[in-house]
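Enquirer: Have a look at this one.
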Amino acid sequence: MKLSTTKGNMLVMNKLLIICTAFLTVAAASVISSCSNNRSTGLEFARNMYDPIAYNPDQANKNFKDGKTAQNPPAGTMPVGFDKNDVYPNTLEGYQAAGASLTNPLPVSVPTLEQGKTLYLNMCSQCHGLEGKGDGSIVKLGKFPAPPSYGTGNSSRGGSMKDLTDGKIYHTITHGVNLMGSHKSQLSPEQRWKIVMYVHELQKLQ
């Protein structure tokens, strides 16, 4: 009886010794490999994610005569969304200059007016109101002053709102004024001109 018990204890001790030895071996190997300068990066998946096929802008490129990837755009072209009218600074002088020089490049048509109305309702009516009377849903909360009516109000920069020109409205949408923020990043130049066209319709209604 004692002999079998002793053998059983020895077997348990041997198993523990083997497990401890294996653990220490793996741990030692991990420490040694982590100190090596030639560590493996492991298997790579989708190599093109690391080395893209396309050239980087600052990468040498034999496809061009000057050997550069980044090239100047062809003459007469402009980036998508570039606003050539964005040369009037956000100042009173810039506002007046835009009012005197800029005119809407879009021809008046029913589809364009409808698009301008949709843009106005989504982007402007919350303050200016559905009919441009300055009674938008935000104003009705009583926490913000009402903007002047397009038909009967006076501009804070002088003159009547009903006399605002294409350029003045466009400049205001682009840069903002008073509590109205800039909508340059939210609306493309074409979208701004469509709103300008619709605002003129609101000026006539009042």
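Enquirer: On the given criteria, is G94 part of a helix (DSSP H, G or I), of a type outside the set (A, V, I, L, M, F, W, C) and surrounded by 14 or more Cβ atoms within 10 Å (Cβ to Cβ)? Break it down into steps so the answer makes sense when it comes.
Expert: Numbers: part of a helix (DSSP H, G or I): yes; of a type outside the set (A, V, I, L, M, F, W, C): yes; surrounded by 14 or more Cβ atoms within 10 Å (Cβ to Cβ): yes.
When the stated conditions are applied, G94 passes them.
Enquirer: Go through the stretch 167-189 residue by residue and tally those that are surrounded by fewer than 20 Cβ atoms within 10 Å (Cβ to Cβ) and either over 20 Å from the mean Cα position of the chain (by Cα) or among the β-branched types (V, I, T) (or both).
Expert: Of the stretch 167-189, the ones surrounded by fewer than 20 Cβ atoms within 10 Å (Cβ to Cβ) are 176-189.
Adding the requirement that they be either over 20 Å from the mean Cα position of the chain (by Cα) or among the β-branched types (V, I, T) (or both) leaves 177-179.
Residues meeting the conditions: 3.
Read-outs: derived from the displayed coordinates by stated rules, not from any lab. Remember, predicted model here, so these are calculated numbers, not experimental data. Here the Cβ is made from the backbone with ideal geometry for all residues, glycine too, and neighbour counts use every protein chain on show.
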